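Participant: The structure under discussion is supplied below as structure tokens; questions concerning it will follow.
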Amino acid sequence: MFARAEEAAHEALLARGMATGAQLSADVPLLRTQVEMAPGKSYSRVTGITTWILVTLGCEGRIVRGRPNGSWTSSQYVWSPVETWLPGGIEPLPAGEARAGLVRRWLRAFGLAPVTDLKWWTGWSAGDVGKALALLDVTEVDLGGGATGLVLSDDLEPTPAPEPWAALLPALDPTPMGWQERGWFLGPHGPLLFDRNGNAGPSVWWDGRVVGGWAQRRDGEIVFRLLEDVGADAEAAVEREAARMAAWYGDVRAIPRFRTPLERELTA
């Protein structure tokens, strides 16, 4: 049934040229199929399959997700056949080469890092991780405390220390989500800033460490709570960043889909 729904959705999208999921489900009755996500579980709910089908077609390189339908906070997107963006489609890439390319980009962004973090982030088997690393030029480095990690061999030069900086990062930002072992930048603040499924909520950073959390209230005010004493200069920098964030959001209200304990407290 899933494969039939994929083909029917793809044919409908080809006919339209571009469409939202709602438009495609109106064209294809099969997309209006409802399934129960976790039968017998308290958190189970019934949902349609349209989004699953469209995301799968996207992962297969057959369609492309475009702009949100409405404001940038909308979760409804316009989809197009891949040929409208790339006339020749996406050139097939051997799985091993694709994995190596992904690992290279991950190490460029998140190295120095232990192999266990890479395995966790990708969800691959140890064998697939090892094969990908074998295609790259990497160097093992000492992370301290007896732990070792990997870095790309052309990325060994020390990075100059930046000036102290403050940042308010949104929920699910790739920075806190990039590593499995987060103690070196998160400290003891995980229970307040992550939900039970491991999703990161809005976080306050000072000089490369998580020091608190923030939220946007219904009236647009950006509020934050520092979870440790960072000093007057740091607090002033965070306040300036919160004011800048409020001005940037303007009339937009963005409520995280995955809500964390501190974010809920700040907006109560």
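Where a number appears in this text, it was derived from the coordinates with a stated rule and is not lab data. Everything quoted here is computed from the prediction, not taken from an experiment. As a convention, Cβ positions derive from the backbone with ideal geometry for all residues, glycine included, and neighbour counts pool all protein chains shown.
Participant: Quick one: net charge around VAL35, please, counting Lys, Arg +1 and Asp, Glu -1 for every other residue with C-beta under 14 Å from its C-beta. Could you put the intermediate results ahead of the total?
Facilitator: Details: positive: ARG32, LYS41, ARG45; negative: GLU36.
So the surrounding residues net to +2.
Participant: Loop only per DSSP, at most 10 neighbouring Cβ atoms within 10 Å: give me the chymotrypsin sites (Phe, Trp or Tyr not before Pro) in the stretch 64-142, ordered by residue number. Walk me through the intermediate numbers first.
Facilitator: Numbers: sites: TRP72, TYR77, TRP79, TRP85, TRP106, PHE110, TRP120, TRP121, TRP124; in loops: TRP72, TRP85, TRP124.
Passing sites in the stretch 64-142 are TRP72.
Participant: May I pose another question? Where is the GNM fluctuation largest for the chain (alpha-carbon springs, 10 angstrom cutoff): MET37, MET245, MET18?
Facilitator: MET37
Participant: While we're on this one: Please give the length that would be gained between ALA26 and ARG65 if that part of the chain were fully extended, namely 0.36 nm times their separation in residues minus their C-alpha to C-alpha distance (nm, one decimal). Kindly include the intermediate steps, with their values, before the conclusion.
Facilitator: Working: separation 39, 0.36 × 39 = 14.04 nm, distance 1.84 nm.
Extra length from ALA26 to ARG65 when fully extended: 12.2 nm.
Participant: Highest GNM mean-square fluctuation, the chain, Cα pairs closer than 10 Å: which of PRO162, PRO191, PRO256?
Facilitator: PRO162
Participant: Please work out how much length the chain gains when fully extended from ASP137 to LEU14, using 0.36 nm per residue of separation minus the C-alpha to C-alpha distance, in nm with one decimal.
Facilitator: Length gained between ASP137 and LEU14: 40.0 nm.
Participant: Compute, for the chain, the length of the dipole vector about the Cα centre, with Cβ point charges of +1 (Lys, Arg) and -1 (Asp, Glu) only. Units Debye, rounded to 20. Mind dumping the intermediate values first?
Facilitator: On the way: 26 positive and 33 negative charges, 235 e Å.
So the dipole magnitude of the chain works out to roughly 1120 debye.
Participant: Something else: Report, in debye and to the nearest 20, how large the dipole of the stretch 1-141 comes out about its Cα centre when Lys and Arg carry +1 and Asp and Glu carry -1 on their Cβ. Spell out each step's value before the answer.
Facilitator: Values: 14 positive and 13 negative charges, 77 e Å.
Using Cβ point charges on Lys, Arg, Asp and Glu, the stretch 1-141 gives about 380 debye.
Participant: Just to confirm a number: summing +1 for Lys and Arg and -1 for Asp and Glu over residues other than GLY111 whose beta-carbon lies under 15 angstrom from that of GLY111, what do you get?
Facilitator: -4
Participant: Could I ask something else about it? Of the options LEU112, THR33, ALA95, report the single residue whose Cα projects farthest towards the positive end of the charge dipole of the chain (beta-carbon charges: Lys, Arg +1; Asp, Glu -1).
Facilitator: THR33
Participant: Please list, by residue number, everything in the stretch 212-247 whose backbone N is under 16 Å from a paramagnetic label point 7 Å out along Cα→Cβ of THR267.
Facilitator: 213-225, 246
Participant: Something else: Compute the distance in nm between two label points, each set 7 Å from the Cα along the Cα-to-Cβ direction, one at TYR249 and one at TRP184.
Facilitator: Placing both labels 7 Å beyond Cα along the Cβ direction yields 3.2 nm.
Participant: When only DSSP loop residues count, what chymotrypsin sites (Phe, Trp or Tyr not before Pro) in the stretch 1-61 have their Cβ near at most 14 other Cβ atoms within 10 Å?
Facilitator: Working: sites: PHE2, TYR43, TRP52; in loops: TYR43.
Qualifying residues, ordered by number: TYR43.
Participant: What residue among GLY213, GLY111, GLY123 shows peak mean-square fluctuation when the chain is described by a Gaussian network model with Cα springs under 10 Å?
Facilitator: Residue with maximal mean-square fluctuation among GLY213, GLY111, GLY123: GLY123.
Participant: Would you tally the net charge around ALA9, using a Cβ to Cβ cut-off of less than 11 Å, leaving ALA9 out, and scoring K and R as +1, D and E as -1?
Facilitator: Working: positive: ARG4, ARG16, ARG62; negative: GLU6, GLU7, GLU11, ASP27.
Counting the neighbours of ALA9, the net charge comes to -1.
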